[in-house]
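What follows is a set of notes on a single structure, which appears directly below.
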């Protein structure tokens, strides 16, 4: 019978831990006067842990600044590690909602996490914000009532950029190269659509698998008659691609353009002169010279020891966003409908990224900045060279018409000039 | 379920009589080459049903290789192997076993982390369709257990049924080695040095066990201990560098000068 | 003599008793548990089925598969696709998912079974990657990297909804218990003994008259079937199926669960699964270094209890009997 005893003991020990952690939640959690709880999902371990760190630092920076107090109540931040895995993120989201009884659920990195959290937010009726996850359809063809996006969507800045490249740079023929999955497809799709609507031609589309280590075979495929190359990468892939683009002798001969993450501040400090001159577009740059960003960037550098990436800014802004909504309803976060409505009503002019409002699908309407990598004071930065105010996720298109079109994918829009 | 079904099952693939050669096992110019080395070279061998025969020869003569070729573990490079008149040259190991061929291994080859009884059960169910049954526990098959117990009693392991095999003595493991071969009630039994590593007393016990085997069973054994071998068998085949150099009654082989020179020494 | 006839090793009986005790305890305590621990118990029950299914190969047959997430994932995807796009009910989803997972295992088995040892590991890994690639790239079917969200919990037509944590926990627990019982009978059957024999000595099994290939192949397919069963439960439990469910990490984690608890003991694999699910989700609350702790646990087990935690306790004393 020894086995039985051991099994029973093990199980009992497990349950003890379970009960202890749940009972640690004060019984007053529901009552007004307890802390306002914000549950943050971030990849703190695994391949994306550096981004998770930025997300956490950005969030904490704002809450630190207000002394973890809002509308006369204490604010409690509960952080859970997603390991950059959607199944784990779902389990942790359930923990935050069911056990910690958070009032607002926020965070997440992967597009799939966004889609997976949608039904959970709806079923649990939990006000939720997405500061990072950028999949177009999260606020287009598959919006969720309980979800407000405080970040951006993949094609939003690319619509602006495609048109700007065609009209201002007057490039005619462009080769695109990007990560072969939804984020890459949506970024390339948005760029291609407006670039071609304004007279340009995408003459070649190259897709690289997510785990590509060596981009040389892809770079050598690039058609040399292109006026420019448009790239969509992030993280390690961005570093490697930009380096190998130079190694292949293309830098200086065929200008390099990109989406915002390709030269985001999460990778820019690790790049060298090979990155100089790359032009990209995003809703943020650490080099924005408005007062709110100056203050934020300085404080973030003091806290984290590095310049803020868009992940840091968006989580800082997201935290403020939540707090503004809480203040608007006088701290009565237990009224979930009211909190959700307030989250959708937030409209502020002085976020680090600039003024922001929310459209009725739950996506921000915000400035898009065209940036160029420059060296200032010996350091690389994304200098803003053009600003497009109040850009909607539908750009200049009619939302209803836009939504009748399919989502940007590997094969949509098609490539008539390839 | 009953005893008879298992009994029937164990002979279910009884060989069709085939051309009446009258031999239980027949090899016609069988060779096995490893690269350029002919480990078994043009061997002819014919063993009558019920015969007891020893296969002898110095180390490296190709005896174990020949066993592996007969059992099917190694494919023959050329030649023909007949089992009860049926050509099994290309048959898989388990097919030959189903025709009634069983073997032991020179280096004990049993199931070390299972019990003695489980080892024997594996052998008992091997030739019955029951081996693929997965819908009820083995404990329910009382007939299999009974047969396994009987086999263990027969080799003197009756009292060790519950022991884990790796805890057995070497002698007991050799006994189990034989038990596994006998459990399927084979008609041709290949014994590869059954007394390897045994003390003289244990070797005598093993010899007694082999002598008591069903007289209808055909036995071909590799044995280094000449006294043991000549005590058991009537016929001897001598292998040297893969070739048969002598074949006949034990007296004839004993008297063969070539054999005396290269093998029996002195 | 007769007393010894129906005699599987007594340790097995103890494990069965302990298993039943654990299941009953979990069932009785469940209503008293808050939602989140209940969620984790549900997850543990499902993952335990996956770990046990792998143990049929790893622990009983001695075949370390590194592609087990494939059958799990194919079943989960089948349920997700049929339930969201065709609004198919439990019975239809279950049958289709099990058929597809088993058929995949039947196909992969033909390719993998001839290999042994490291080669078997490599080939199952490669086949697992193929399925991951499909999940990731066949966007029109699987929605690619976005995964399939919003898989509804099945209706049983019994008046209570499986959408609530407690009824779904009982549903998962019952399903896991059934799978455990079925696999338990399998490993104790004549066929199951044959698997252990193959693990110990293939050449002896051949000599005895076993078609070793067939035995291994059947084990491979059956293992895939039960992994598929776990996949069905997983799709309903999580409501979401994505490429991460079929990726290598899932296969590796499953392998570790089976190894942690003790390969060759179903209860051990289940215990390993429960331990890892709780370790992952509770330790991580207290420390960000929880991966380090998990790694230390693995290394400890490999060094001091290579037969797993349960194996360490059930080891036969030297020279027993």
Relative contact order %, the stretch C:34-247, counting alpha carbon pairs below 8 Å whose residues are six or more apart: 44
Order by protection proxy (mean Cβ within 10 Å, highest first), peptides A:198-211, C:124-137: C:124-137, A:198-211
Segment residue B:216-residue B:113, length gained on full extension (0.36 nm per residue, minus Cα span): 33.7 nm
Contour excess over end-to-end distance, with Cα ends at residue B:153 and residue B:92 and 0.36 nm allotted per residue: 18.9 nm
Centre separation in Å (Cα based) which lies between the stretch A:344-418 and the stretch B:188-266: 91
Percent of C-alpha pairs per 10 Å bin, the stretch C:194-293, short to long: 13, 32, 32, 15, 6, 1
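Determine, from the Cβ-Cβ distance of residue B:48 and residue C:164 and an R0 of 56 Å, the FRET efficiency 1/(1 + (r/R0)^6), rounded to the nearest 0.05. Don't skip to the end; give the middle numbers.
Values: r = 77 Å, r/R0 = 1.38.
The calculated FRET efficiency here is 0.15.
Give me the inter-chain shielding for B:113-124: mean count of other chain Cβ atoms within 10 Å, whole number please. All intermediate terms of the calculation are to be shown ahead of the outcome.
Working: counts 6, 6, 6, 1, 4, 6, 4, 0, 4, 12, 7, 2.
Partner-chain Cβ atoms within 10 Å, mean over residues of B:113-124: 5.
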Mean Cβ count within 10 Å, highest first, over the residues of peptides B:128-137, B:251-260, C:138-147, C:198-207: C:198-207, C:138-147, B:128-137, B:251-260
Scattering profile of chain C at q = 0.08, 0.09, 0.10, 0.12 Å⁻¹ [log10 I(q)/I(0), Debye over alpha-carbon scatterers]: -0.36, -0.46, -0.57, -0.82
Cα-based Rg and Dmax for the protein assembly as shown, where Dmax is the largest Cα-Cα distance (Å): 35.9, 115
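Enter the mean number of other protein chain beta carbons within 10 Å of the beta carbon of each residue in A:91-102, as an integer.
Working: counts 9, 5, 0, 9, 9, 1, 2, 7, 7, 2, 1, 0.
For peptide A:91-102, the averaged partner shielding equals 4.
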Spin-label pair residue C:299/residue A:376, simplified geometry with 7 Å Cα→Cβ offset, distance in nm: 4.6
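Evaluate the stretch A:117-259: find the radius of gyration of its Cα atoms, find its Kirkwood radius, and give the ratio Rg to Rh. Don't jump to the answer; show the numbers that get you there.
On the way: Rg = 17.1 Å, Rh = 16.2 Å.
Reported Rg/Rh, Kirkwood definition of Rh: 1.05.
Arrange the peptides C:95-108, A:144-157 so that the one whose residues have, on average, the most other Cβ atoms within 10 Å appears first.
Numbers: C:95-108: 19.9, A:144-157: 25.6.
Packing proxy ranking, top to bottom: A:144-157, C:95-108.
What is the average number of partner chain Cβ atoms found within 10 Å of a Cβ in C:233-244? Before the final figure, lay out the partial values.
On the way: counts 0, 1, 0, 0, 3, 7, 6, 12, 4, 10, 4, 10.
The per-residue average across the peptide is 5.
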Relative contact order (%) - the stretch A:334-385, alpha-carbon pairs under 8 angstrom, separation at least six: 20
Rounded Å value of the spacing that divides the Cα centres of the stretch B:81-106 and the stretch A:121-192: 69
Part-to-part distance (alpha-carbon centres) for the stretch B:40-73 and the stretch C:23-50, which is given in Å: 62
In nm, spacing of pseudo-spin labels at residue A:349 and residue A:396 (7 Å Cα→C-beta vector): 2.6
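Would you mind estimating how fast the stretch B:3-264 diffuses translationally, via Stokes-Einstein at 20 °C and 1.002 mPa s with the Kirkwood radius over Cα pairs, in µm²/s?
Details: Rh = 19.0 Å.
Answer, rounded: 113 µm²/s.
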Zone of residue A:125's modelled label, taken as backbone nitrogen in the stretch A:86-106 under 20 Å from a point 7 Å along Cα→Cβ: A:94-106
Of all DSSP beta bridges in the protein assembly as shown, antiparallel share, percent nearest 5: 45
Distance between modelled label sites at residue C:178 and residue B:136, nm, 7 Å Cα→Cβ extension: 2.2
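In deg cm²/dmol, rounded to 500, what helix-only [θ] at 222 nm does chain C give when every DSSP H run of at least 4 residues adds -39500 (n - 2.57) and the total is split over its residues? Before the final figure, lay out the partial values.
Details: 14 runs with 224 residues, N = 321.
Dividing the helical sum by the residues of chain C leaves -23000 deg cm²/dmol.
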Tilt relative to chain B, helix B:142-155 - C-alpha long axis, 0 to 90 degrees, to 10: 40
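No value in this document is a laboratory result; all are computed from the given coordinates. Since we're looking at a predicted model, the values are computed, not measured. Using ideal geometry, Cβ is built from the backbone for each residue, glycine included, and neighbour counts are taken over all protein chains shown.
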